[in-house]
Amino acid sequence: MGKDVIVACDFESAEKTFAFLSLFKGRKPFVKIGMELFYAEGPSIVREIKARGHKIFLDLKLHDIPNTVKKAMMVLRNLDVDMCNVHAGGGTAMMRGALEGLTRPDGTRPILIAVTQLTSTDQDTLENDLLIRMPIADVVSHYAQKAKESGLDGVVCSPLEAGYVHSTCGTGFLTVTPGVRFADGAAGDQKRVMTPSDAKKAGSDYIVVGRPITASDDPVAAYERCVEEFVD
């Protein structure tokens, strides 16, 4: 499975989303649909974007008791998305339940990944808010191990931890990494960030890029720059 750039379509309406996607006349980007857009528009937005030929990462970060997550995944598996996720912090029983619910009767399913720690979380937040006293790289690696043991395909992590995850779980275990910014751009509310080229060197399999593309004066050029730095 080759590297790819996933564009975070963090818009509040279908109108703004399709105005953005209509800019792309050539290559159709792999897109992420997160909570904001999904909660605003519902499952129909997934079907409409899929019908336009885009791959979709449905980023809802499910985190609940195992049975609830399993039943939710049984619904989501019918949306024909390419990737979806849960929080690894929900534990192995929950992750196994998610995998079971996501798998269709014919054995097919989307890629399933688990969020380790958000890229807005730093060591201070980890220790003082979450009461986790371990180094963040060790926490991410441990969560990744648990996700792999549960049968998942990979994790969401900062590009700073992609190497740790691959050394722990193998190169075939996917690392999907937000927290990517251009060298000449602002970090925003992300605290653990890298450039696309550095993320490539660090071993990221997919990078998730939002505002550096969506808020750019020329989103298509910004997307192509990401692809050039990370994929080509």
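The values are calculated or read from the model by the stated rules, or taken from the named source; none is laboratory data. In this text the structure is predicted, and so the values were computed from the model without any measurement. Virtual Cβ from ideal backbone geometry, glycine too; neighbours counted across all protein chains shown.
The table that follows gives values for the structure above.
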item: Unmet requirement for V220, which otherwise passes all of (1) modelled with pLDDT under 95; (2) over 12 Å from D4 (Cβ atoms); (3) surrounded by fewer than 18 Cβ atoms within 10 Å (Cβ to Cβ); result: (1)
item: Residue in the stretch 197-204 that is over 22 Å from R225 (Cα atoms) and in contact with a helix residue (DSSP H, G or I) (Cβ under 8 Å, 6 or more places away or on another chain) present; result: no
item: Positions within the stretch 117-162 being out of contact with any Asp or Glu (no Cβ under 9 Å at 6 or more places or on another chain) and of a type in the set (D, E, K, R), in sequence order; result: D122, D124, E127, D129, D138, K146, K148, E149, D153, E161
item: All positions within the stretch 120-146 that are under 17 Å from L174 (Cα atoms), in contact (Cβ under 8 Å) with a residue 40 or more places away in the chain and under 16 Å from the mean Cα position of the chain (by Cα); result: Y143, A144
item: Among the candidates M35, M83, residue that is touching a Lys or Arg at 6+ places or on another chain (Cβ under 9 Å) and closer than 24 Å to P105 by Cα; result: M83
item: Failed criterion for T171 (all others in (1) of a type in the set (V, I, T); (2) at pLDDT below 95; (3) part of a helix (DSSP H, G or I) hold); result: (3)
item: The stretch 147-164, subset assigned to a helix (DSSP H, G or I) and in contact (Cβ under 8 Å) with a residue 40 or more places away in the chain, residue farthest from the chain's Cα centre (by Cα); result: E149
item: In the stretch 95-112, the residues that are more than 22 Å from I33 (Cβ to Cβ) and in contact with a Lys or Arg (Cβ under 9 Å, 6 or more places away or on another chain); result: R96, G97, E100
item: Single residue of V140, V155, V176 found to be at pLDDT 90 or above, touching a Cys at 6+ places or on another chain (Cβ under 7 Å) and of a type outside the set (S, T, N, Q); result: V140
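To keep it simple, each residue is scored yes or no on (1) at positive phi; (2) in contact (Cβ under 8 Å) with a residue 24 or more places away in the chain; (3) outside any helix (DSSP H, G or I); (4) not small (G, A, S).
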| residue | (1), (2), (3), (4) |
| --- | --- |
| R27 | no, yes, yes, yes |
| E36 | no, yes, no, yes |
| Y39 | no, no, no, yes |
| L76 | no, yes, no, yes |
| V86 | no, yes, yes, yes |
| A93 | no, yes, no, no |
